[in-house]
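Working notes, structure below.
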Amino acid sequence: MPARCSEPRRFVLPDRTGNILTGQELNLLNQPRAMRASLLHCIIGLGNPGPQYAETRHNVGFRVIDLLAQRHRFPSPQHMLQAVIGEGEIGGAQVLLVKPMTFMNESGRAVARVCAHFDLSPEDLLVIYDDINIDLGMLRLRRAGSSGGHKGMQSIIDYLGTEQIPRLRLGIGRLPPGAEARGFVLSPFESEEEEAAEELIQRAFAAVECVLAEGMEAAMRQFNG
């Protein structure tokens, strides 16, 4: 049996962060399970909330989610479960698009709540995030594995209790000699990197579509390189 997320399925006012939930959020949180059974795919982009982080290397996961929502005309997202969540269709597949709002290093907290609410197992997810161990513009799809030192992915692994989580890693360029990792990932792309960064987002968009349409194995053959 696949591992299941262990967060409680029902929530009351206030939530555990101390934030008061709106009536709309409570209605969504407490929907009958049967109303949510068709949501089979959950695409999660990692990043940090706030305009000061929007163009940083660390936020490429958010950018892919935004592009998917825009191109596939998702309705306005809901702010709930410590995340921004859109529900719609991509190529006929029922899809959740999720951006955790807990800041990168606590991404697992929001992901666990989303899993519990929508009755998702870790294998139902595709987590998109930046990787400084991959050259700028390159992609890596994997079904499982360690975090490779990425704190957002490690948080998700810790909260869900498994490394069996599909992921799409986006190469943001390798750490320059003498540079500090935190400063590098929180910096914007250099002007000469911007074209490659935009192509990276477009390729990641196409890779997600391929995963949904043809499956993980087909997408790995086409996009891993």
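A short reminder: the numbers here are calculations on the coordinates, not readings from a lab. Bear in mind the structure is a predicted one, so any value in this text is a computation, not a measurement.
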- Taking a temperature of 20 °C and a viscosity of 1.002 mPa s, what whole-number D in µm²/s does Stokes-Einstein yield for segment 138-225 with Rh from Kirkwood over alpha carbon pairs? 147 µm²/s
- Query: Which far-off residues, 5 or more places away or on another chain, put their amide H under 5 Å from the one on ILE128, with H placed in the peptide plane?
  - Reply: ILE44, GLY45, LEU46, LEU168
- Message: Whole angstrom only: what separates the Cα centroid of segment 165-225 from the Cα centroid of segment 91-147?
- Response: 13 Å
- Note on the structure: Mean shadow area (nm²) of the C-alpha convex hull around segment 23-223 is 11.0 nm²
- Percent antiparallel among DSSP beta bridges with both residues in segment 23-223, to the nearest 5? 55 percent
